[in-house]
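What follows is calculated from the coordinates using simple rules that are stated; it is not laboratory data. These numbers were taken from a predicted model, which means no experiment stands behind them. When we count neighbours, we look across all protein chains shown, and the Cβ atoms used for this are built from the backbone with ideal geometry, even at glycine.
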Amino acid sequence: MISLALPKGSLEEQTLALFREADLEVRRTDRDYSPTIRDERIARVKILRPQEIPQYVAEGYFDLGISGLDWVRETDADVVEVARLNYSKTGEGTVRIVVAVHGSDPIEHPNQIRPGARVTTEYPRLTARYFEKLGVDVRLFASYGASEAKVPDLMDVVVDLTETGTTLRRNGLKIIGEIMESYTAIVANREAWDDPVRRREIGEITTLLLGVLDARSRTLLSMNVPKGAIEAVIAALPALKRPTVAALYGIDYFSVETVVKKSEVNRLIPLLKSAGAEDILELPIAKIIR
């Protein structure tokens, strides 16, 4: 059995939803940081700040954790990256650690930042390494939230995490550089990863989570097709591999099923209907296990 650390805060809602959809519901009360998951492979669950999780996993307090790649790099945690999870605090996609200054500042690139400039950030190690590589001597100030609000009154530069840059722009800031791209990741303790039993359990849990993420972007189409229209309908269909086609009993019709991207389905359904498909059903998918 494995122990598991899940993130609280900005990643919490998306992470709990993912586990729920994977039939690994995290059961907890409002302020319960030691919830349970009713699965024989999971012995213990804790909900912790994502900043702490990579180091705790590296030290062996947990076999498996979910955190941002940014915190793995910031803490220099020696962990195994098992899988990338395609979600952030508001939905799909990646995030970036960027360098920003006030919009009125004439600086357009980080190497133009003057020596001794005050830089606020929640990522002191990543930021120090970045400016050291640039050869720019700055003064670092650790931030514990609302970093963008400190420029220009208290600080000259902010290094912050952003998805779209909207919050930075709303606070009158402009992005002049990027330190790294980050994403949510499943990370494992190296000793647990080297243990065949725990590695198998980690792999099984990871498969379920990735199956949910894959299914979120796809849908199942099912339809009946007259024999004379089958070639035209098949030609119009995308598929993960090939569509499933079965003859219907007693009539010259086929049942056709295929998985398509949700982004394509509204364009595809009218096309299939015009090609001769009938009784078209669009059905949700819980998991896709490849």
Under 27 Å from Lys133, Cα to Cα: lysines that are on another chain or at least 8 residues apart: Lys150, Lys174
Where does each of 57-67, 98-108 land if you order them by average Cβ count within 10 Å, highest first? 57-67, 98-108
For the chain, take the longest principal axis of its alpha carbons; what is the angle in degrees between that and the long axis of helix 262-275, to the nearest 10 within 0 to 90? 20
Can you tell me which aspartates and glutamates have their Cα less than 16 Å from the Cα of Lys46? Leave out same-chain residues fewer than eight positions away. Glu12, Glu13, Glu25, Asp30, Asp32, Glu59, Asp63
I need the trypsin sites (Lys or Arg not before Pro) found in segment 190-287, filtered to DSSP loop residues with at most 12 other beta carbons within 10 Å of theirs. Lys241
Please tell me which of these pairs span more than 21 angstrom C-alpha to C-alpha: Lys262/Lys287; Lys227/Lys261; Lys261/Lys287? Lys227/Lys261
Helix 12-21 versus the longest principal axis of the chain: what is the Cα-based angle in degrees, 0 to 90, to the nearest 10? 20
Is segment 113-236 best put as rounded, prolate or oblate by its Cα gyration tensor, with a ≥ b ≥ c the root eigenvalues, rounded for a/c under 1.5, and otherwise prolate when a/b is larger than b/c, oblate when not? oblate
Selected from Gly211, Gly276, Gly203 as most flexible by GNM, with the chain as the system and alpha-carbon contacts under 10 Å: Gly276
For segment 1-105 (alpha-carbon point model, no solvent) the Debye-based log₁₀ I(q)/I(0) at q = 0.11, 0.18, 0.22, 0.25 Å⁻¹ works out to -0.37, -0.90, -1.29, -1.57
Taking Cα Rg over 2.2 N^0.38 Å as the quantity of interest, determine which of [x] 0.92; [y] 1.29; [z] 0.97 was computed from the displayed structure. [y]
Inter-part gap, Cα centre of segment 115-179 to Cα centre of segment 206-251, in whole angstrom, is 49
Can you sort Trp193, Trp71 by how many other beta carbons sit within 10 Å, fewest first? Trp193, Trp71
Sorted by average packing, counted as other Cβ atoms within 10 angstrom per residue and highest first, what order do 37-45, 158-166 take? 158-166, 37-45
GNM on the chain, Cα springs under 10 Å; top mean-square fluctuation among Ala215, Ala247, Ala17 goes to Ala247
Rounded to the nearest 10 degrees, the helix 124-134 long axis (Cα) sits at an angle to the longest Cα principal axis of the chain of 80
